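K.L.:
Below you will find the structure I want to go over with you.
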Amino acid sequence: MTGLVRKATLLSVCGLFVAGAAMASVPSATNSTMQTGGLPPGNGKVIHLIGANGSTLSTVGDYTVTVRDIANNPIQNSSLVLDFTQCGTTDAVIASTQLEAGVTLDCSTKSVRASTDASGVFTFKVMGKSQNPAGGAAGVAVPCLRIFADGVLLDPQHVGPFAGVKAVIVAPYDESGGGGFAGGDLASFVGDLFHTPPTYFARSDFDGNGSVTALDLSNQVGAFFAPGGSWGTSPLACP
């Protein structure tokens, strides 16, 4: 009987170790983080869609995802999916060609995929644009990008009007959808800012705080004049 008890105890301990190891490899939505590149850097609540000059990607659209487990350990080779399906096809859209190394584009599922490095990190540079040329045109009014790590939905931890929403605001610098990121896009932003009646346009919420203000214009202007920030040709959208 004593031998059976010892075996049962050993099996239980082994089971706990196995369960602990399994949990350690599961991404934690709480410990994983998202960081918006830009001027200034943000807290992952908004992603900026960018373009390119020829084969050179714009410098203003970095979006870094760091995947950690419940013990706060980084997870290498975590499968990341940026899912844009809830963004629709009439406003902010991803490009049919993505130039960043290490990403896989799937236009049929409106997604961009990549894997984390040894530090649990991958920095996306997602190409895309808005398809509403005029300021004040109807568009997406809520966060619409969902980000998954190994199937776990990550949480950008919004505050204010989008508190509890597990999706990221999508703000393309190319707001007019033609001619790349140029002066006309600043005019499109002004149309959103001064729309009557006052309306929230997610595409112009460059700081991701749930409102469109002069601070967003400051971000857009800063990006426009950043080295490598603007570009002259709009990318083709995923069909």
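K.L.:
Can you find a residue in the range 169-177 that is within 16 Å of the chain's Cα centre (by Cα), part of a loop (DSSP other than H, G, I, E, B), among the aromatic types (Phe, Trp, Tyr) and at pLDDT 95 or above?
P.N.:
yes
Listed here are the residues, each with its yes/no results for (1) in a loop (DSSP other than H, G, I, E, B); (2) within 16 Å of GLY180 (Cβ to Cβ); (3) without any contact (Cβ under 8 Å) to a residue 12 or more places away in the chain.
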{"position": "HIS195", "(1), (2), (3)": "yes, no, no"}
{"position": "PRO198", "(1), (2), (3)": "yes, no, yes"}
{"position": "ASP207", "(1), (2), (3)": "yes, no, no"}
{"position": "VAL212", "(1), (2), (3)": "yes, no, no"}
{"position": "ALA223", "(1), (2), (3)": "no, yes, no"}
{"position": "PRO235", "(1), (2), (3)": "yes, yes, no"}
{"position": "PRO239", "(1), (2), (3)": "yes, no, no"}
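K.L.:
Could you tell me whether the range 104-112 includes any residue that is buried (at least 19 other Cβ atoms within 10 Å of the Cβ), outside any strand (DSSP E or B) and in contact with a Phe, Trp or Tyr (Cβ under 7 Å, 6 or more places away or on another chain)?
P.N.:
yes
K.L.:
Which residues, taken from the range 44-71, are surrounded by fewer than 21 Cβ atoms within 10 Å (Cβ to Cβ), assigned to a loop (DSSP other than H, G, I, E, B) and in contact (Cβ under 8 Å) with a residue 24 or more places away in the chain?
P.N.:
Those that are surrounded by fewer than 21 Cβ atoms within 10 Å (Cβ to Cβ), assigned to a loop (DSSP other than H, G, I, E, B) and in contact (Cβ under 8 Å) with a residue 24 or more places away in the chain: SER55, THR59, ILE70, ALA71.
K.L.:
Return the residues of the range 23-35 that are crowded, with 22+ Cβ neighbours inside 10 Å and either at pLDDT below 95 or within 14 Å of GLN220 (Cα to Cα) (or both); say none if nothing qualifies.
P.N.:
Those that are crowded, with 22+ Cβ neighbours inside 10 Å and either at pLDDT below 95 or within 14 Å of GLN220 (Cα to Cα) (or both): none in the range 23-35.
K.L.:
Let me ask you something else. Would you check which residues across the range 94-104 are without any contact (Cβ under 8 Å) to a residue 40 or more places away in the chain and either over 16 Å from THR66 (Cα atoms) or acidic (Asp, Glu) (or both) and list them?
P.N.:
GLN98, ALA101, THR104 - these are the residues of the range 94-104 that are without any contact (Cβ under 8 Å) to a residue 40 or more places away in the chain and either over 16 Å from THR66 (Cα atoms) or acidic (Asp, Glu) (or both).
The values are calculated or read from the model by the stated rules, or taken from the named source; none is laboratory data. None of the values given here were measured: they were computed from a predicted structure. Because the Cβ atoms are built from the backbone with ideal geometry, glycine has one as well, and the counts that use them run over all protein chains shown.
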